[in-house]
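Here, each number is a calculation from the coordinates, and none is a lab measurement. If you're wondering where the values come from, they're calculated on a predicted model, not measured in any experiment. When we count neighbours, we look across all protein chains shown, and the Cβ atoms used for this are built from the backbone with ideal geometry, even at glycine.
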Amino acid sequence: MSVYVRLKDFRANHKDFRTGDPKMHQDTLAGLLGVTQSTVSRMEKMHLDLDDFQYKKLVEKYGEDDVKQYVAENPLKNILGNPRRRQPQSRPSVDIITLSEVVKSQHEEIERLNARIAELTDILLKK
């Protein structure tokens, strides 16, 4: 299961617990979620969902009631979820570019997860 969280709004409304700044930095959120700062940036720009692990991390730190305020329907759902949806004549290339970026970022995330699985497998085999 994955959940779309408006991360940019979430960061804007939460103090940075590492620096004390009034707005949370992407790298602070990245550390909490177990991803890189560039991944958080990509998640915000491409409206990527959080996976269960990442969502649970936010809930553990801030509580479910707080985090749920930022859960929303993914704005790309209508584009990605309904392949028969007709696109306006003036914008088909924008949707294709968006889809390409989403696929690329998901591919990178799969590669990162596969590398982590390989690391954990090596650790288990050494025991």
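A few notes on this one:
- Note on R18 and H107: the model spin-label points, each 7 Å out from Cα along the C-beta direction, lie 3.0 nm apart.
- Sorting 99-112, 2-15, 55-68 by their mean Cβ neighbour count within 10 Å, with the most densely packed peptide first, gives 2-15, 55-68, 99-112.
- For the range 1-75, diffusion coefficient by Stokes-Einstein and Kirkwood Rh (Cα), 25 °C, 0.890 mPa s, µm²/s: 202 µm²/s
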